[in-house]
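Accompanying notes for the structure given below.
The values are calculated or read from the model by the stated rules, or taken from the named source; none is laboratory data. Nothing here was measured: the structure is a model prediction, and the numbers come from that model. Heads up, the Cβs are rebuilt from the backbone with ideal geometry, glycines too, and the neighbour counts pull from every protein chain shown. What goes into the accessible areas is simple: the full protein's heavy atoms, side chains included, and nothing from ligands, DNA or RNA. Shrake-Rupley method; radii C 1.70, N 1.55, O 1.52, S 1.80 Å.
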Amino acid sequence: MTTTTLALGAALGAGLRRALEHDRKVVIMGEDVGRLGGVFRVTDTLQKDFGDNRVIDTPLAESGIVGTAFGMALRGYRPVCEIQFDGFVYPAFDQIVSQVAKIHYRTAGRVTAPLTIRIPYGGGIGAVEHHSESPEAYFTHTAGLRVVSPSHPADAYTMIQQAIALNDPVIFLEPKRRYWDRGEVDLDAEPDLPLDKARVARPGTDVTVVTFGSMVATALHAAQVADTEGHSVEVIDLRSLSPIDFDTVEASVRRTGRLVVVQEAPLFCGIGAEIAAQLAERCFYQLEAPVLRVGGFDIPYPPAKLEAYHLPDPDRILDAVDRSLAA
């Protein structure tokens with residue numbers, strides 16, 4: 001066992017390093033990922049150690065990055081693309097949803113696309129326009145893609161390796177506001193969960209709070225406050241957004257009888273809506289209150305000075321918990 005304390009961003013870098021060491025078909029590509037080490041330094045020193053034929057600085061052309069990586073994946077490589085910021089993925093959207101997501105179905109299973117697309121996403125860092133968006137619903141709506149998001153360093157380290165090893169295309173959403181959150185990481189550990197399995201981040205008995213990515217830490221904070229008020233909140237970290245581990249969520253809701261879903265993205269047609277619909281159907285007779293959702297407002301992402309009002313915080317989660325308990 002080799003345990004160390006790493007920030008989430010550094011844990012991702014360590015996971016990428018391990019993947020590069022394990023399989024020579026793994027290549028990393030994107031804007032500034034090589035010499036600079038990426039905007040958030042996730043890929044720092046990798047080009048120096050593995051060479052510029054495996055850690056490739058690309059032109060500023062997201063469609064070209066994903067299109068080239070898709071072609072490489074069809075030829076047996078395992079490319080890992082970095083999209084520098086969430087709002088920059090849209091020029092590559094056609095490549096992802098029209099080509100990458102469809103190739104396995106289109107070829108009746110004869111062709112796979114083992115391609116991982118890393119996207120730093122979400123707000124909370126005071127960034128400018130197109131640097132703080134939450135595009136997960138676009139990709140979860142697209143059959144043929146896996147969509148995952150780690151919430152802490154240990155999961156970041158193992159999940160990026162699991163994603164790269166899959167033969168499916170994976171949208172790997174990295175909660176950028178958590179890049180500097182630190183935690184214990186066992187560098188020799190095997191994954192303790194399959195990539196598509198949710199984790200009970202905090203057990204509880206009164207209310208289930210389901211969330212993912214950057215909002216897990218916020219929900220855990222809210223649960224700690226609720227505990228001081230005599231309410232036991234169970235927090236579930238989805239980890240995988242497509243597919244979703246509904247069985248774990250259902251088991252929790254059947255015990256607590258109440259559900260609050262938290263997302264950073266605007267609420268309309270988001271992940272929370274799908275979870276609410278599924279659990280209302282699965283747990284209709286066990287629910288003691290309506291399923292409630294907490295999320296961003298249905299507006300374009302606001303200027304940095306206003307983002308604290310837009311992003312869900314513990315108070316908004318606790319308000320939903322109180323309303324659920326009062327029902």
### Query
Of Asp247, Asp322, which has the most accessible area and how do the rest follow, probe 1.4 Å?
Asp247, Asp322
### Task
Compute the separation of the alpha-carbon centres of the stretch 145-221 and the stretch 100-136 and state it in Å as a whole number.
16
### Message
Explain nothing, just the number: relative contact order of the chain, from Cα pairs under 8 Å at least 6 residues apart, as a whole percent.
### Response
16
### Query
Excluding same-chain residues fewer than 8 positions from Lys25, which aspartates and glutamates have a Cα within less than 16 Å of its Cα?
Asp49, Asp52, Asp168
#### Entry: DSSP-defined beta bridges in the stretch 174-327 - what % are antiparallel, rounded to 5
20
### Task
Using a cut-off of 12 Å between beta-carbons, work out the net charge of the residues near Gly76 (Lys and Arg +1, Asp and Glu -1, Gly76 not included).
+3
### Task
Please give the contour-minus-distance gain from Leu193 to Arg41: 0.36 nm per residue of separation, less the Cα-Cα distance, rounded to one decimal in nm.
52.0 nm
## Note on the structure
Result for the chain: accessible area per residue, probe 1.4 angstrom, in square angstrom, of 43
### Simple label model, 7 Å out from Cα along Cβ direction - Thr228 to Asp298, nm
3.5
### Task
Taking the Cβ of Ile119 as the centre, find all other residues whose Cβ is under 11 Å away and add up their charges (Lys, Arg: +1; Asp, Glu: -1).
-4
#### Entry: Area accessible to solvent at Leu74, 1.4 Å probe radius, in Å²
80
#### Entry: Highest-fluctuation residue, Ala277, Ala143, Ala108 considered, GNM on the chain with Cα pairs under 10 Å
Ala108
### Task
Only helical DSSP H runs with n ≥ 4 go in: add -39500 (n - 2.57) per run for the chain, normalise by residue count and round the 222 nm mean residue ellipticity to 500 deg cm²/dmol.
-10000 deg cm²/dmol
### Query
Which percent of the accessible area of the stretch 1-84 is formed by carbon and sulfur heavy atoms (probe 1.4 angstrom)?
49
### Query
For Tyr77, Tyr179, what's the largest-to-smallest order of accessible area, 1.4 Å probe?
Tyr77, Tyr179
## Note on the structure
Each label sits 7 Å from Cα toward the beta-carbon; between Gln278 and Lys305 the label points are separated, in nm, by 4.1
### Task
Give the Debye-formula value of log10 I(q)/I(0) at each listed q (0.18, 0.19, 0.25, 0.26 Å⁻¹), with one equal scatterer per alpha carbon of the stretch 7-92, two decimals each.
-0.72, -0.80, -1.32, -1.39
### Task
Normalise the Cα radius of gyration of the stretch 73-206 by 2.2 N^0.38 Å (N = residues in it) and let me know the number.
1.11
### Query
Taking square-rooted eigenvalues a ≥ b ≥ c of the alpha carbon gyration tensor, is the stretch 142-196 rounded, prolate or oblate, where a/c under 1.5 means rounded and, failing that, a/b exceeding b/c means prolate?
oblate
### Query
Going from most exposed to least, what order do Ile171, Ile299, Ile125 have by accessible area with a 1.4 Å probe?
Ile299, Ile125, Ile171
### Between helix 215-228 and the chain: long-axis angle, C-alpha atoms, 0 to 90°, nearest 10
30
### Message
Quick check on the stretch 239-327: what are the equivalent-ellipsoid semi-axes from the Cα gyration tensor, as sqrt(5λ), descending, whole Å?
### Response
25, 16, 10
### Message
For the chain, set up a GNM with springs between Cα atoms under 10 Å and report which of Pro290, Pro114, Pro175 has the largest fluctuation.
### Response
Pro290
#### Entry: Estimated distance in nm for a label pair at Ala289 and Trp180, the labels positioned 7 Å out from Cα along Cα-to-Cβ
3.5
### Query
How would you classify the stretch 157-225 from its alpha-carbon gyration tensor, with a ≥ b ≥ c the square roots of the eigenvalues: rounded for a/c under 1.5, else prolate if a/b is greater than b/c, otherwise oblate?
prolate
### the stretch 113-195 - share of DSSP beta bridges that are antiparallel (%, nearest 5)
0
